[in-house]
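One structure is given here, and the rest of the page talks about it.
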Amino acid sequence: MSDAWPKDELSSPAGSTRKACDPPQVTLRSRLQHQRARIHQQINKEMLMRAGAENLFRATTNHKVRETVALELSIVNSNLQLLKEELEELNSNVGVYQTESEAVNVPMIPLGLKETKEVDFSLPLKDFICRHYGEAASQYEAEIKELNELRQAMRTPSRNEAGLELLIEYYNQLYFLEQRFFHPGNMLAVQFHWYDSLTGVPSSQRALAFEKGSVLFNVGALYTQIGTRQNRSSAQGIGNAIDAFQCAAGAFSYLKENFSNAPSLDMSGASLEMLVRLMLAQVQECVFERVLLLVLEDSDFSSLLQVAQEAARVSDMYWLALQTMQQAPVKDYVPFSWVTLAQVKNEHFRALSHYYAGLALCNHAQSSEWDDGLGERMLHQLHSSKLTGPPPGIMLKDPEERRRLGKAHLRRAVIRHEEAMRIHGLCRVLRKMDILQEVLASVHKRSLSAYSQIDREDDFCQTAEAPNIQPKTQHKPDVKTPDFSKVRVTDIFQQLGPLSVFSARNQWRPQRRIRLVRANSGLGLTLRGDSPVLVAGVVPGGSASEAGLCEGDYIVAVNGTDCKWAKHVEVVQALKACSDGGVELGIVTMLSPKTLGQRSVFLTPCGINESAVHPRNPNPSKGASPTSLLTWTRKKGGAGGGVSKRLSSAFSLSFGAPRDAEAL
């Protein structure tokens, strides 16, 4: 009988990604993460000291002790404030994550990864394997070591596709870990410690949902860093950035939709909503840059108006993101540089919308395409409010009226650019970003130059106020849930047996060994099913019955060879090949399968139907159901969908009609 049985599998990776981690102190990004980890540890220490001092202050009635403790509390609170300011400055250090190309682009906002303490699964898993599965934990040393190495590696993923695959591999592996070792009524003694990405405040839980949610958050955060890193001077780089920011928005949105009352601020509903809007605004900015690549300043009238409306759309998206940043409780811990940069971009792209509208009106004479009313319709759709003065058709045909409207737009562009520069100057962190300052200065100079060229000394008419540009885009950003199926993983603890039976939800009597000796009438039992094979019937008074075999038992070993993964035909062949001395079977009996709900067995004339209750999506890579994350406070109840398992035909050993019997 073969020793290699089929395995429970989400899939098998083509190559290991566990070496694809970012070694500390090697890159600027790694050093930044190392500094964040150091601050997190200091914040944790200060918060423990504060908790102890507060307990002492409440417990004591001694006046002098209370004064001393109050002084200590003030010092601790002061230290915490300084540490949080230092962490905010690190979170604001977006320059480290920007692309290394020489292209001059407005910087994007990335998100730092959540830090976590090291976890050693060895003792809890060994104890659970011995206690729950009744097997020797020493047989699983290699599997436990592999799991520990995988978690250690995912703490420092590289900022590329390999780093994402590493996080997703661990995330997918948590599905198997949950089924094997975590049960709501029997929580594994593993404590997961994670630090808030924005505040550094530590959180600790034993629920695997906290681990899953934190890893998913880091998937989104890593996507933001990958998107920020792209060279957006080419169409390919812009496309990669769009995809990365959309996947980041998808990860944050999925986390927000399925969980509430999160244990850390960065995973609260308000924070995740802010991150989703921020990512979508950055997607829209990339869309504008892609449109701009195809449009030069001497492009036609319609192309320039399209760019103007795209810029207005970006401005609106940043305005929406800004609203969420300024609402409680997000405003209390979101970095000030993020808020300022969102304000700067709101004004910057509003200015660009007026600049390109003014350019289209001032630099283009009457075109033949305007004769059919196309130009009039385009100008009518350009503005969010009705124009004052002559109708659009007459205005387009009158060079002076067109110049005056274009001048009004350029004037608003100059004013908006100056406002963006003023806001930029209020933030010390942004003032250090040379690229941003260079971009703001150059576009202001360009708008001022265009305005000066059409301004006349004899133009004594007061410039009218140009209406706002109507936002419009050719590509609305999508929220893309990360594709977890692209990293296919194998259950590390597959040696325990098929997951549908050998899981944390099921319980068994201790494994027992029995010896079957073939009698004249055979072994006296009927087998059905695969992986593992089930004893469907026992002949009263037969060899199997006398040996203590019962209906509903599972055969997990034949003559000392593990057969949890064996096919029906393989176990039958092994039993047929038994000698006159008999065959030794390893047997387990499940306790209350109907109550435990993991596998139900029904005897029918046609055989046995198995129903393995899995999450609605047994592969968490699809990300379609909240049940793929063990809930801490899940919004939606995940009803399991039945996954039926096809069974092999029954093999009858001297049980039933004489024509069904087979002599052994």
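Points worth noting:
- With protein chains left intact and a 1.4 Å probe, residues in segment 479-518 average 44 Å² of accessible area per residue.
- Near Leu272: Cβ cut-off under 12 Å, other residues only, Lys/Arg at +1 and Asp/Glu at -1. The net charge is -1.
- Residues of segment 187-226 falling in the label zone of Ala270, defined by backbone nitrogen less than 15 Å from a point 7 Å along Cα to beta-carbon, are 198-199.
- Candidate residues Lys564, Lys331: accessible-area rank, largest first, probe 1.4 Å: Lys331, Lys564
- Of the residues Asp332, Asp266, Asp455, ranked by 1.4 Å probe accessible area with the largest first, the sequence reads Asp332, Asp455, Asp266.
- Peptide packing for 253-263, 339-349, 443-453 was compared via the average number of neighbouring C-beta atoms within 10 Å per residue; ordered from the highest value, the list is 339-349, 253-263, 443-453.
- Computed accessible area, Thr481, all protein chains, 1.4 angstrom probe, square angstrom: 60
- Cα→Cβ-extended label distance, 7 Å offset, between Ser204 and Ser384, nm: 5.0
- Each label was represented as a point 7 Å from its Cα along the Cα-to-Cβ direction; for Ala235 and Glu118 these points are 5.0 nm apart.
- Pairwise FRET efficiency - Asp398 versus Asp455, Cβ, R0 = 25 Å, nearest 0.05: 0.85
- Leu293/Gln327 FRET efficiency (R0 41 Å; Cβ-Cβ; nearest 0.05): 0.70
- Approximating the spin labels as points 7 Å out from Cα along Cα→Cβ, the Ser78-to-Arg505 distance works out to 5.6 nm.
- Ranking His380, His193, His354, His132 from most to least accessible surface, computed with a 1.4 Å probe over the protein chains only, gives His380, His193, His132, His354.
- Couplings 3J(HN,Hα) of segment 533-545, computed from phi: 6, 9, 7, 8, x, 10, 6, x, x, x, 4, 5, 5 Hz, in residue order, whole Hz [Karplus 6.51 cos²θ - 1.76 cosθ + 1.60, θ = phi - 60°; x for Gly and Pro].
- For Thr116, net neighbour charge (Lys/Arg +1, Asp/Glu -1) across residues whose Cβ lies under 10 Å away: +1
- Listed residues Gly237, Leu275, Tyr171: farthest to the positive end of the dipole of segment 165-306 (Cβ charges): Tyr171
- Rounded to 0.05, the FRET efficiency of the Cys550 and Gln139 pair, given R0 = 25 Å and the Cβ-Cβ distance, is 0.40.
- Electrostatic tally near Val583: other residues with Cβ closer than 9 Å to its Cβ, Lys and Arg +1, Asp and Glu -1, net +1.
The values are calculated or read from the model by the stated rules, or taken from the named source; none is laboratory data. Quantities reported herein were computed from a predicted structural model and do not represent experimental measurements. Glycine also receives a Cβ, built like all others from the backbone with ideal geometry; neighbour counts cover every protein chain displayed. The protein model used for the area step is the full one, side chains on, heavy atoms only, and it has no ligands, DNA or RNA in it. Shrake-Rupley method; radii C 1.70, N 1.55, O 1.52, S 1.80 Å.
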